[in-house]
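First comes the structure, then the notes that go with it.
The values are calculated or read from the model by the stated rules, or taken from the named source; none is laboratory data. This one's a predicted model, so the numbers in the text were calculated from it and none came from an experiment. Glycine also receives a Cβ, built like all others from the backbone with ideal geometry; neighbour counts cover every protein chain displayed. With ligands, DNA and RNA removed, areas are computed over all heavy atoms of the protein, side chains included. Shrake-Rupley method; radii C 1.70, N 1.55, O 1.52, S 1.80 Å.
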Amino acid sequence: MSERRIATVIEEIHYWKEHNLLPDVYCDFLLALYTNGEGTGEEEIIRENKINIVSAIQVTLLSLLLPFAFLVIYFIEFPVLLQVSILLLFVAFSYRMTRVYSRKFSIYYHLSIVTFLLLLLLMTVYISTLFTDNQWLLQFVIILNVLSWYFFRRQHNIKYLKIVSILGIIFVILYIVLQNFHILSL
């Protein structure tokens, strides 16, 4: 019998056992027969379920980092050092998730990259506004961030980062030009 058919039969036997369609003794016998006595495979299913639960928790936390970062900065009155420390933890976690999911190259990988880059932008802009109100420094920090997105794109070969970084540079330059002609004043 082919490996694919055996895997299908084993899945069916697990289904029968889980839904009590056959007695457990019969299901265990059939599983031992089809797995050549190597076990029932339930340990693998339990391990896969644990991995899926951990992955779901990581993705949920990753998705909530950006809203929590805005919450920490703008709505909760923490001391400045604590706010920067929390932002640094968020950035470190999102970077770690980028490294974890880089091997799998899935949608989680792209979510972690976007979260990491946006949190890094938010943190650097927040830190630069803490030290000075100079608009030129803020614009320089934003341009450096957007340029880092472009070089990050070249390193990891991600096409949408190229488009976003070029649009970001255009918008920042357009903002600078309009602000210098006093058309746009914030």
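SER85 passes every criterion in (1) at pLDDT 90 or above; (2) closer than 27 Å to ASN52 by Cβ apart from (2).
Could you list, in sequence order, the residues of segment 1-29 that are assigned to a loop (DSSP other than H, G, I, E, B) and open to solvent by less than 100 Å² (accessible area, probe 1.4 Å)?
From segment 1-29, those assigned to a loop (DSSP other than H, G, I, E, B) are 1-2, 19-23; that's our starting set.
Those that are assigned to a loop (DSSP other than H, G, I, E, B) and open to solvent by less than 100 Å² (accessible area, probe 1.4 Å): SER2, HIS19, LEU22, PRO23.
Pairs needed: first member in segment 125-152, within 23 Å of TYR95 (Cβ to Cβ); second member anywhere, of a type in the set (D, E, K, R) and assigned to a helix (DSSP H, G or I); C-beta distance under 8 Å; at least 6 residues apart or different chains. Listed by first residue and then by second, the contacts come to TYR150/LYS162. Scanning segment 101-121 for residues that are over 14 Å from PHE140 (Cα atoms), buried (at least 18 other Cβ atoms within 10 Å of the Cβ) and more than 11 Å from the chain's Cα centre (by Cα) turns up LEU119, LEU120.
Select, from ILE176, ILE170, ILE183, the only residue that is open to solvent by less than 60 Å² (accessible area, probe 1.4 Å), among the aliphatic types (A, V, I, L, M) and either in a helix (DSSP H, G or I) or over 22 Å from LEU64 (Cα atoms) (or both). Lay out the reasoning, then the answer.
On the way: ILE170 fails: open to solvent by less than 60 Å² (accessible area, probe 1.4 Å); ILE183 fails: open to solvent by less than 60 Å² (accessible area, probe 1.4 Å).
Within the list ILE176, ILE170, ILE183, the selection yields ILE176.
Only residues that are open to solvent by 60 Å² or more (accessible area, probe 1.4 Å) and within 21 Å of ILE142 (Cα to Cα) were counted across segment 90-100, and they come to 1. Being among the aliphatic types (A, V, I, L, M), in contact with a Gly (Cβ under 7 Å, 6 or more places away or on another chain) and open to solvent by less than 50 Å² (accessible area, probe 1.4 Å) is true of VAL146.
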